[in-house]
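Report on the structure given below.
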Amino acid sequence: LRGPVHLAVDLGASSGRVIAGASDGGQMRLAEVWRFENKPVRMQKDLLWNHLGLWQDISHGLRLAADQVGAGAGEVVSVGVDTWGVDFGFLDDKDQLISPVRCYRDPRNLGRMQDALQRVSREEIFAETGLQFMEINTLYQLLAAQQAGDVGYQNATSLLMMADLFHWMLSGERTIEASNASTSQLLSPVTGTWSTKLLEAFNFPAKWFPTPTQAGTPIGVVQSSVAAMTGLHDVPVIAPATHDTASAVLSVPAEGFAPARPDWCYISSGTWSLMGVELPSPKVTNLCAELNFTNEGGVHGSTRLLKNIGGLWIFQQIRAALQRRGSAPSWAEMVEAAEAAPAFSMLINPDDPSLLAPTDMIDEICSLAGRTGQKVPMDNGVLFRSALEGLALRYRLTLESLERLTESSINTIHIVGGGSLNALLCQMTADACNRTVVAGPVEATAIGNVAMQMIGSGRLHSIDEARQLIRNSFPTQTYTPGNSGVWDEPAARFAEL
Ligand code: LFR
């Protein structure tokens with residue numbers, strides 16, 4: 001890479017990466033410098049972040065990047081971290097991290113949402129935050145920590161969301177970036193500040209919640225101890241949209257930014273499928289609450305009105321279950337078998353709560369078949385196909401809701417992220433929804449992270465300009481809907497599940 005290089009640290013559900021990004025001749029170029037495993041640690045009953053191992057890999061990757069960029073014609077000009085939402089860690093008054101740090105699939109979070117609703121009503125929580133109700137939200141995880149009397153909870157002087165925590169390791173600065181803060185279900189989408197009402201009602205210390213920093217803000221420089229280790233002397237740390245989904249949405253190659261009446265929507269497709277629109281302001285309405293959509297914070301004050309859908313998680317976990325049984329098909333083989341299997345043999349709602357963290361996905365799907373009065377899938381192709389069809393059917397329902405919520409008609413669905421490579425799923429989506437699908441870019445989150453750092457350092461001037469650069473740089477694939485009628489009958493059955 002040549003010229004000014006931005007380093008994006010992207011921590012995903014199975015791997016983390018250090019990626020170098022630069023703009024050269026009107027094109028954004030990316031180079032993956034270091035890829036490492038990101039696997040939660042199971043210890044006794046708990047599911048924890050391996051934050052120390054990750055820090056080791058991140059600093060190693062940064063060292064490699066500094067060396068490689070320095071050896072070429074480039075110069076590292078900033079670094080920023082993104083990861084998934086809702087998880088957090090605690091720091092104490094001696095500037096020490098208080099372990100352990102928990103993962104949102106940690107079993108002790110189950111049931112905490114019900115406890116919270118005993119204290120504050122669903123209506124009130126929604127009115128304050130505009131957020132969808134999910135057991136994994138920071139609010140309920142914090143309640144679990146409070147109830148358990150965690151040492152972290154008792155001794156903390158700061159709470160940082162996970163990307164913020166890695167920013168702290170890099171720079172020594174304690175900040176909370178707004179897009180990820182918005183996933184906590186403690187932030188007002190209208191004012192962008194914390195809900196004092198909820199903090200008080202749940203007895204969460206106000207000092208943990210400083211005013212959130214906007215994506216694109218330089219928050220400090222790589223501190224000297226880290227510079228000595230990585231070679232990144234005096235390099236600014238610039239907060240990207242630290243919520244991976246917010247970064248992914250930034251890289252949707254659409255024309256325009258945050259239209260009030262959107263004619264496109266996105267699916268950020270990976271372990272989760274996040275399907276929604278980008279709006280100029282939140283929609284904290286009864287209909288939104290009823291449909292359980294969420295108003296998360298996007299870049300430059302935009303709102304991501306979206307729904308969490310269980311995503312490729314099911315497909316991934318079917319593969320993990322097969323691996324345990326001694327067979328290990330590749331993704332391509334799984335898609336091929338799905339394509340050859342009969343259509344609509346079993347309908348799977350990807351958001352069935354039993355599929356969130358089952359011990360064995362295949363066993364769970366078989367028992368789900370029983371519970372919903374369907375035939376147990378007899379071969380793997382049917383299993384694979386059902387997992388993909390379930391997503392497409394869920395997208396179809398979600399699209400209807402999005403159009404109702406925004407009072408607009410959506411004609412293009414942008415699929416970004418790893419799932420955009422799954423041609424069968426893209427075509428099923430086009431057919432089930434009867435809309436044009438534009439798939440790509442694949443590296444949506446890393447691209448969005450780099451783009452925001454470019455904006456933050458003044459190399460790009462607007463989201464529009466960033467999207468233009470992205471359109472010029474990364475190919476997309478268009479899928480035209482066909483044979484949509486065959487989806488009507490299964491869609492009706494699906495809605496009844
Ligand atoms: C996607 C994601 C979703 C969030 C879920 C849990 O990686 O960030 O947006 O709801 O993970 O944090």
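Values quoted throughout were computed directly from the atomic coordinates according to the rules given, and no laboratory measurement underlies them. Predicted, not measured: the structure shown is a model, and the values here were computed from it. As a convention, Cβ positions derive from the backbone with ideal geometry for all residues, glycine included, and neighbour counts pool all protein chains shown.
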* To do: Go through the residues of segment 54-74 one by one and say whether even a single one is touching a residue at least 12 places away in the same chain (Cβ under 8 Å), within 16 Å of the ligand (Cβ to nearest atom) and either exposed (fewer than 15 other Cβ atoms within 10 Å of the Cβ) or within 26 Å of THR445 (Cβ to Cβ) (or both).
  => yes
* Which residues, counting only those in segment 206-235, are farther than 22 Å from SER179 by Cβ and without any contact (Cβ under 8 Å) to a residue 40 or more places away in the chain? -> SER224, SER225, ALA227, ALA228, HIS233, ASP234
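Could you check segment 392-413 and list, in sequence order, the residues that are closer than 22 Å to TRP331 by Cα and out of contact with any Ser or Thr (no Cβ under 6 Å at 6 or more places or on another chain)?
Step one: filter segment 392-413 for residues closer than 22 Å to TRP331 by Cα, giving 392-395.
Of everything in segment 392-413, those that are closer than 22 Å to TRP331 by Cα and out of contact with any Ser or Thr (no Cβ under 6 Å at 6 or more places or on another chain) turn out to be LEU393, ARG394.
Could you check, for segment 29-44, whether at least one of its residues is of a type in the set (Gly, Ala, Ser) and over 18 Å from the mean Cα position of the chain (by Cα)?
The first filter runs over segment 29-44 and keeps only residues of a type in the set (Gly, Ala, Ser), leaving 31.
Still in the running and over 18 Å from the mean Cα position of the chain (by Cα): 31.
Within segment 29-44, one or more residues are of a type in the set (Gly, Ala, Ser) and over 18 Å from the mean Cα position of the chain (by Cα).
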* Does any residue in segment 373-386 that is farther than 13 Å from ALA343 by Cα come within less than 6 Å, Cβ to Cβ, of a residue that is buried (at least 19 other Cβ atoms within 10 Å of the Cβ) and of a type outside the set (Ser, Thr, Tyr) six or more places away or on a different chain, and which pairs are these? -> GLN374/MET346
* Structure fact -> Across segment 176-194, the tally of residues that are in contact with a Ser or Thr (Cβ under 8 Å, 6 or more places away or on another chain), hydroxyl-bearing (Ser, Thr, Tyr) and surrounded by 24 or more Cβ atoms within 10 Å (Cβ to Cβ) stands at 3
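Residues VAL101, VAL77, VAL33: which one is touching a Gly at 6+ places or on another chain (Cβ under 7 Å) and more than 15 Å from the ligand (Cβ to nearest atom)? Give the steps one after another, and end with the answer.
Details: VAL101 fails: more than 15 Å from the ligand (Cβ to nearest atom); VAL77 fails: touching a Gly at 6+ places or on another chain (Cβ under 7 Å).
The match here is VAL33.
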* Structure fact -> Among (1) part of a helix (DSSP H, G or I); (2) away from the ligand (no atom under 16 Å from the Cβ); (3) within 27 Å of LEU1 (Cβ to Cβ), ASP115 falls short only on (3)
* To do: Please go through segment 118-142 and pick out each residue that is in contact with a helix residue (DSSP H, G or I) (Cβ under 6 Å, 6 or more places away or on another chain), closer than 21 Å to THR196 by Cβ and not in a helix (DSSP H, G or I).
  => VAL120
